[in-house]
Amino acid sequence: MLVWAVRRPRELPEAITAVPAAVLVTAIGAVTPHAAVAEMKRLGPVVGFLACVLVLAKLCDDDGLFRACGAWLARGGTGGKRGGPGRSGSGGGGPGRRLLVGVFAVAALTTAVLSLDATVVLLTPVVLAAAARLRVRARPHAYACGHLANSASLLLPVSNLTNLLAMAVSGLSFGKFAELMALPWLVAIAVEYVVLSRYFAADLAAEPGDGAGAGAEPGTGEEPGGDLGAEAREPDDAKMPVFTLVIVGLTLCGFAVASAAGANPAWAALAGALVLAARAVLRRETTPAEIARSADVPFLLFVLSLGVVVTAVVSNGLGSALRPVVPSGASLPALLGVAALAAVLAAVVNNLPAVLVLLPIAAPSGAGAVLAVLLGVNIGPNLTYTGSLATLLWRRVLRSRGADVTLGEFTRLGAATVIPALAVCVVALWLSLRVFGA
């Protein structure tokens, strides 16, 4: 299943192998039909929530939200002037660095509110277009989107499928989850910015038009990976869609209200998606069939099937093998150990199976241990190409524009960000637990 999900032969969906695999492990008795159905029922609300958020993000894109963000980023890169791109100057605060600050702000918020898939699939292309418009090297900004899609997905339960899975077993409300993860989220973004801005200092300081290929080695002007922004449509001066922003804001408030009332936040996501969908259909901007496709049903089937297969694997030896290795308790050393193990497991076998395997083992130690697992499976994927499906999607976006990132650079930059970010974020989580309680 994982190999198919990584390779995606002929762009065929992950469900092609996932559904037969779930049927197979049930048929051979590796998991009982009752246990398989119980796992799918447990994941059902999470999958429904994910479907609503995917539809919401696509409708936001159709209404021009991300085009408007791209236009704003391009204007910010010129210092707010509508003329051509500005010069970098001797202070290093040129258009490349200003664009990076804007990308961090937009990508962090997009990931938190509309999920990491929106950042990878919808925001990355307009960021590349903004870099092309400013004629700056796009590589730092492309990496910012890829990294923040993972590490900035800590704040809200809706930010990442792994968060939705964790919230289901943590016993935390929507608001409590956000309260405990706010400091780790801010810390992760800060570490990413410090490392990326130093690593790509030469690219960010380069004059506009000076070796603007995103694949260029820092300071050389060489372009082995091609210009990631070359084929991207330049962002126009699109206006920010106020109605869509209001609906997204109300939906976000609805998540917190529904959770506090003991209702499933998926109802708030459904309400927001229905409002935007009805408006788009009435204005003939989309069709019901296109809206249904944006829910990505094959991927939802993959998630359900993966849950069944992981249940079979855990029940037949993996759970008993890992249980003695996973530290128990909510002390700082225990949280560090849990997060490190989760990061390694996510980097090796992908974060979705990693979180499904570790959550049942960590849950008895309390919400702190569950959130430590999240730190590992959300930050750790930046170490490897296969760490998360979001990273795989990010690479496809780059390849569709005739470029890619090298394995060596991806791994070096991943190690430079993941190790300090994970350590500092665990300390931030430990402090949050002591201040706010679980």
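The values are calculated or read from the model by the stated rules, or taken from the named source; none is laboratory data. Note that this is a predicted model, so its numbers are computed, not measured. Ideal geometry is used to build each Cβ from the backbone, glycine not excepted, and the neighbour counts take in all protein chains shown. All accessible areas refer to the heavy atoms of the entire protein, side chains included, with ligands and DNA or RNA removed. Shrake-Rupley method; radii C 1.70, N 1.55, O 1.52, S 1.80 Å.
Structure data summary
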| item | result |
| --- | --- |
| The range 236-298-the range 343-371 distance, computed between alpha-carbon centres (Å) | 30 |
| Degrees between helix 351-362 axis and first principal axis of the chain (Cα, 0 to 90, nearest 10) | 40 |
| Between 0 and 90°, nearest 10: helix 65-77 axis offset from the chain longest Cα axis | 50 |
| Solvent-accessible area, 1.4 Å probe, carbon plus sulfur percent, for the chain | 66 |
| Calculated FRET efficiency for the pair ARG42/VAL257, C-beta based, R₀ 25 Å, to 0.05 | 0.55 |
| Hydrodynamic radius (Kirkwood) for the chain, which is based on Cα pairs only, to one decimal in Å | 22.1 |
| Theoretical FRET efficiency, 1/(1+(r/R0)^6), r = Cβ-Cβ of VAL242 and ALA363, R0 56 Å, to 0.05 | 0.85 |
| Under Karplus coefficients 6.51, -1.76 and 1.60, residue-wise ³J(HN,Hα) of the range 369-381 in Hz, glycine/proline x | 5, 4, 5, 5, 4, 4, 4, x, 7, 9, 8, x, x |
| Distance between modelled label sites at ARG434 and SER315, nm, 7 Å Cα→Cβ extension | 4.2 |
| Simple label model, 7 Å out from Cα along Cβ direction - VAL101 to SER331, nm | 4.4 |
| Residue range of the chain that is longest and free of GluC sites (Glu not before Pro) which are both DSSP loop and sparsely packed (at most 16 other C-beta within 10 Å) | 1-221 |
| Local net charge near THR32, Cβ-Cβ under 15 Å (Lys/Arg +1, Asp/Glu -1) | +1 |
| Accessible area per residue, Å², the chain with all protein chains present, probe 1.4 Å | 39 |
| From phi via Karplus (6.51, -1.76, 1.60), per-residue ³J(HN,Hα) for the range 415-432 in Hz, x at Gly/Pro | 5, 5, 9, 5, 4, x, 5, 5, 5, 5, 5, 5, 4, 5, 5, 4, 5, 4 |
